[in-house]
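Asker: I am attaching a structure below and will ask some questions about it afterwards.
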Amino acid sequence: MTLHAATPPRRALFVATIAAGSFLLFLVQPLVARLALPLLGGAPNVWNSAMVVFQALLLGGYAYAHAMTRLPLKRQAIVHLGLLMLALATLPIALADLPAPAPGWEVLWVPALFALTIGPVFLLLSAQASLLQNWYAASPAAGDPYALYAASNLGSFAGLLAYPLLLEPQMSLGAQSRIWTGGYVLVIGLVVASAWVRRRNSVSPPATGECRESAAPASAACDLTPPRRARRALLWVALAAVPSGLMLSTTTLLTTDLMAMPLLWVIPLGFYLLSFSVAFSESGEWSAILSRFAPELLLLVGGLAMVSGGQSNPVIAIAMIALLFILSVALHGRLFALRPGTEELTFFYLMVALGGVTGGIFTGLLAPVIFDWVYEHPILLLGAALLLPQRALLPVLERFWTGFRHRTALAGGIVIGAGGLSYALAGAVEEARGEAILDLTLALIAAGVLVIGVRWAYATIFGLLMLGLGGIATLQTSILGDRTRSYFGIYNVELSEDGASRMLSHGTTLHGRQWLLPDRRQEPTSYYGPTSGAGLVLRGAAADANVGVVGLGVGTLACYRKPRQDWTFYEIDPQVYEYSRQGAFTFLSGCAPDARVVIGDARIQLADEPAGRFDILVIDAFSSDAIPLHLMTEEAFANYGRVLAEGGIAVFHISNRYIDLAPMMAALAQASGWEARLRHDMEYDRDGQTESVWVAMARDAGTLDRSESMTDAVWSALPPAAEQAWTDDNASILPLLRW
């Protein structure tokens with residue numbers, strides 16, 4: 001049958017094609033990041049680096065789609081399908097063969113790895129949403145194509161959910177890659193069908209809509225001067241950049257204290273994508289509701305954004321995710337209201353992608369270098385305050401601010417009053433006066449609600465609220481220089497309240513404490529006291545033992561070294577070593593000055609050690625409260641077993657607020673053929689000690705019995721093993737979460 005210009009647009013086919021492409025696009029993101037974790041140390045920034053690459057490829061895909069619109073539709077189809085077929089040569093997915101990064105160059109090496117691994121197919125699939133919408137709009141009967149973008153983001157959201165809930169727990173990485181390749185072939189078939197039903201159509205759809213911020217798209221044919229066009233494009237970029245950056249900064253807050261893993265990566269990204277579906281829906285009801293209340297919710301929740309460590313509270317963390325979703329809906333809703341006519345559809349999406357990559361570069365690449373704390377998060381919230389739709393909570397306030405002649409002077413007076421409240425609030429926070437904190441916070445929130453509709457005043461009061469609620473104290477720590485930030489995390493050195501000890505924290509977790517009193521400087525503290533699992537094993541070690549320690553921290557374990565012992569520390573982050581090298585902590589220089597310190601990921605570095613190198617191996621590698629997943633797999637344990645001498649012992653630190661690792665340790669011990677014992681050190685009421693959980697493993701029970709007999713401490717059996725031991729190909733923490 002011959003098709004003509006009036007042929008129905010085949011909406012269901014285009015929805016299926018766009019959704020399927022987006023499903024694969026966002027299924028592959030956690031898959032590739034998961035493939036790379038054994039090489040990258042499991043740092044939270046790995047996912048942010050990956051996201052910057054994905055956003056850059058998305059921008060490239062949208063630029064490709066925009067350039068393709070200059071060609072006739074038939075030629076577009078031929079070129080696009082030809083490139084899709086060529087990209088099949090890069091499948092199934094496998095990591096690019098790159099040499100390991102030099103210390104300090106991870107920020108560039110990680111993006112290069114992802115770009116080379118998945119670049120061609122990701123770029124082509126990312127072009128599908130805008131390119132296929134343009135094909136759809138080629139039919140005069142098609143109507144507004146922008147609603148298809150909601151289908152695109154629903155497909156993306158489904159792909160994100162499918163990975164941690166279905167693929168990761170059930171399949172190896174090899175099987176995941178093969179299934180993804182099959183899905184890619186299916187998408188090619190859908191693109192062929194979509195091109196076929198459009199083979200007679202034009203690619204120059206008529207312009208629709210008006211040049212104003214409303215529910216109707218604005219036509220490029222309307223009278224916009226070049227400066228106004230540039231301002232409109234910049235506004236599109238800004239409205240897309242802020243939610244993109246917030247998604248990554250929220251991810252950083254989550255993964256710093258839990259674990260770098262797909263489940264936690266996809267939660268913020270999933271809500272971010274879902275916000276597009278809500279904002280770009282044809283009815284727009286939920287978008288209007290959430291946008292109406294977004295300014296008030298930003299004051300209520302976002303005011304806590306500068307509290308150092310406050311996001312470790314699960315309630316606040318959940319509230320931050322909810323805030324991300326609501327702000328994204330509001331900002332994307334305004335973006336949808338400013339959409340152009342269909343003749344500028346691909347340019348509009350190009351600007352949206354440019355905004356996405358701009359927010360990603362700021363959060364994922366620039367912020368870790370510029371800031372010593374996650375200042376990008378409150379900065380982006382301030383950006384949201386400046387861009388949000390501003391409708392007063394009460395209609396009478398909206399009418400007042402619209403018609404009042406002296407609105408600037410009145411708003412300025414309210415802002416000055418809010419400045420005084422913020423100063424008083426900072427004092428109340430420093431003195432921990434709970435009732436005053438509550439009263440002053442509510443007063444500042446009320447002032448912010450009062451000026452909704454006066455954008456600059458609202459944003460200023462929101463900033464004053466963040467400063468009062470812990471922001472000034474956070475800034476003071478940065479000014480004093482007690483905090484540093486690297487690719488692997490944020491570190492804070494501080495004195496105890498009585499000034500008797502110095503502490504190092506990473507994220508919200510204590511990573512070491514040293515007494516400053518001369519007679520106690522070499523006393524092991526925190527998780528590493530004499531009754532801890534590591535303390536017990538090291539105290540009983542032979543006088544000439546070779547000891548390896550994965551994770552330097554402040555070097556506390558070095559003070560168990562005996563004169564004839566040979567010690568080696570493995571530390572992934574050069575910044576951590578600097579604390580010992582420059583003398584902030586003196587455990588290493590005072591107790592083991594001749595110890596070897598190897599900078600780099602321990603799993604990679606241990607692979608270069610000779611077999612039987614160590615009599616004792618201590619695994620104590622944390623990223624804040626998170627334990628790198630790649631150090632807890634069967635492949636990693638095989639490496640530990642190889643470098644352990646006959647009769648050697650491996651000791652693992654598994655203290656964790658959120659994940660019960662003991663069943664997994666039991667499963668890994670069984671899979672590796674090791675005997676294992678658990679030590680839960682509850683003797684932490686002594687000054688400077690901290691509760692801790694350790695697991696000791698050896699090839700035979702006799703080795704553990706001999707070690708245990710040297711002290712009076714009691715070790716216990718591990719709990720029942722998890723159903724499946726983690727491997728590099730298959731690992732999920734869902735069964736181990738402390739719900």
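The values are calculated or read from the model by the stated rules, or taken from the named source; none is laboratory data. A quick note: this is a predicted structure, and the numbers were derived from the prediction, not measured. For neighbour counting, all protein chains shown are included, and Cβ atoms are generated from backbone atoms with ideal geometry for every residue, glycine included.
Asker: Cβ-Cβ under 7 Å, sequence separation 6+ or interchain: first residue in the stretch 705-724 and basic (Lys, Arg), partner not in a helix (DSSP H, G or I). Which pairs?
Answerer: Hits for this filter: zero, empty list.
Residues checked against (1) under 23 Å from residue 487 (Cα atoms); (2) in contact with a strand residue (DSSP E or B) (Cβ under 7 Å, 6 or more places away or on another chain); (3) in a helix (DSSP H, G or I); (4) not assigned by TED's automatic domain parsing to the domain that holds residue 98:
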| site | (1), (2), (3), (4) |
| --- | --- |
| 593 | no, no, no, yes |
| 604 | yes, no, yes, yes |
| 609 | no, no, no, yes |
| 618 | no, yes, no, yes |
| 652 | no, yes, no, yes |
| 656 | yes, no, no, yes |
| 671 | no, no, yes, yes |
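Asker: Mind checking whether some residue in the stretch 720-731 is in contact with a strand residue (DSSP E or B) (Cβ under 7 Å, 6 or more places away or on another chain) and surrounded by 13 or more Cβ atoms within 10 Å (Cβ to Cβ)?
Answerer: Within the stretch 720-731, the first condition is being in contact with a strand residue (DSSP E or B) (Cβ under 7 Å, 6 or more places away or on another chain), and the residues that meet it are none.
For the stretch 720-731, residues in contact with a strand residue (DSSP E or B) (Cβ under 7 Å, 6 or more places away or on another chain) and surrounded by 13 or more Cβ atoms within 10 Å (Cβ to Cβ): absent.
Asker: I've got another one for you. Filter the stretch 166-180 down to the residues that are surrounded by fewer than 18 Cβ atoms within 10 Å (Cβ to Cβ) and either among the basic types (Lys, Arg) or touching a helix residue (DSSP H, G or I) at 6+ places or on another chain (Cβ under 8 Å) (or both) and list them by number.
Answerer: Matches in the stretch 166-180: 169, 171, 178, 179.
Asker: Then there is this: Checking the conditions here, which among 142, 129 is assigned by TED's automatic domain parsing to the domain that holds residue 283, assigned to a helix (DSSP H, G or I) and closer than 21 Å to residue 193 by Cβ?
Answerer: Working: 142 fails: assigned to a helix (DSSP H, G or I).
Just one listed residue meets the conditions, 129.
Asker: Inspect the stretch 304-320 for any residue being in contact with an Asp or Glu (Cβ under 6 Å, 6 or more places away or on another chain) and within 21 Å of residue 478 (Cα to Cα) and give the result as yes or no. Walk me through how you get there before you give the answer.
Answerer: Initial filter on the stretch 304-320 (in contact with an Asp or Glu (Cβ under 6 Å, 6 or more places away or on another chain)): 312.
Next cut, within 21 Å of residue 478 (Cα to Cα) only: 312.
Within the stretch 304-320, one or more residues are in contact with an Asp or Glu (Cβ under 6 Å, 6 or more places away or on another chain) and within 21 Å of residue 478 (Cα to Cα).
Asker: Conditions: (1) in contact with a helix residue (DSSP H, G or I) (Cβ under 6 Å, 6 or more places away or on another chain); (2) part of a helix (DSSP H, G or I); (3) not acidic (Asp, Glu). Residue 389 meets all but one. Number of the miss?
Answerer: Of the numbered conditions (1) in contact with a helix residue (DSSP H, G or I) (Cβ under 6 Å, 6 or more places away or on another chain); (2) part of a helix (DSSP H, G or I); (3) not acidic (Asp, Glu), the odd one out for residue 389 is (2).
Asker: Sticking with this one: Which count do you get for residues in the stretch 706-721 that are closer than 14 Å to residue 651 by Cα and out of contact with any Leu (no Cβ under 6 Å at 6 or more places or on another chain)?
Answerer: Total satisfying the criteria: 3.
Asker: Quick check on the stretch 469-479. Is at least one of its residues of a type in the set (A, V, I, L, M, F, W, C), modelled with pLDDT under 90 and not in a helix (DSSP H, G or I)?
Answerer: No, the stretch 469-479 contains no residue that is of a type in the set (A, V, I, L, M, F, W, C), modelled with pLDDT under 90 and not in a helix (DSSP H, G or I).
Asker: Can residue 553 be described as on the phi > 0 side of the Ramachandran plot, in a loop (DSSP other than H, G, I, E, B) and free of Cβ contacts under 8 Å to residues at least 12 places away in the same chain?
Answerer: Values: on the phi > 0 side of the Ramachandran plot: yes; in a loop (DSSP other than H, G, I, E, B): yes; free of Cβ contacts under 8 Å to residues at least 12 places away in the same chain: no.
No, not satisfied.
Asker: Continuing with the same structure: Which of the following residues is under 27 Å from residue 503 (Cα atoms), surrounded by fewer than 19 Cβ atoms within 10 Å (Cβ to Cβ), among the small types (Gly, Ala, Ser) and in contact (Cβ under 8 Å) with a residue 40 or more places away in the chain: 688, 647?
Answerer: 688
Asker: Another one. Name the residue, out of 412, 420, that is of a type in the set (Gly, Ala, Ser), surrounded by fewer than 21 Cβ atoms within 10 Å (Cβ to Cβ), under 30 Å from residue 338 (Cβ atoms) and outside the structural domain of residue 304 (by TED's automatic domain parsing). Walk me through it before giving the result.
Answerer: On the way: 420 fails: under 30 Å from residue 338 (Cβ atoms).
Being of a type in the set (Gly, Ala, Ser), surrounded by fewer than 21 Cβ atoms within 10 Å (Cβ to Cβ), under 30 Å from residue 338 (Cβ atoms) and outside the structural domain of residue 304 (by TED's automatic domain parsing) holds for just one of 412, 420, which is 412.
Asker: Identify all residues within the stretch 556-577 that are in contact (Cβ under 8 Å) with a residue 60 or more places away in the chain, over 15 Å from residue 616 (Cβ atoms) and not in a loop (DSSP other than H, G, I, E, B); write none if there are none. Steps first, please.
Answerer: Narrowing the stretch 556-577 to residues in contact (Cβ under 8 Å) with a residue 60 or more places away in the chain: 557, 572-576.
Of the ones still in play, those that are also over 15 Å from residue 616 (Cβ atoms) are 572-576.
The answer is 574, 575, 576.
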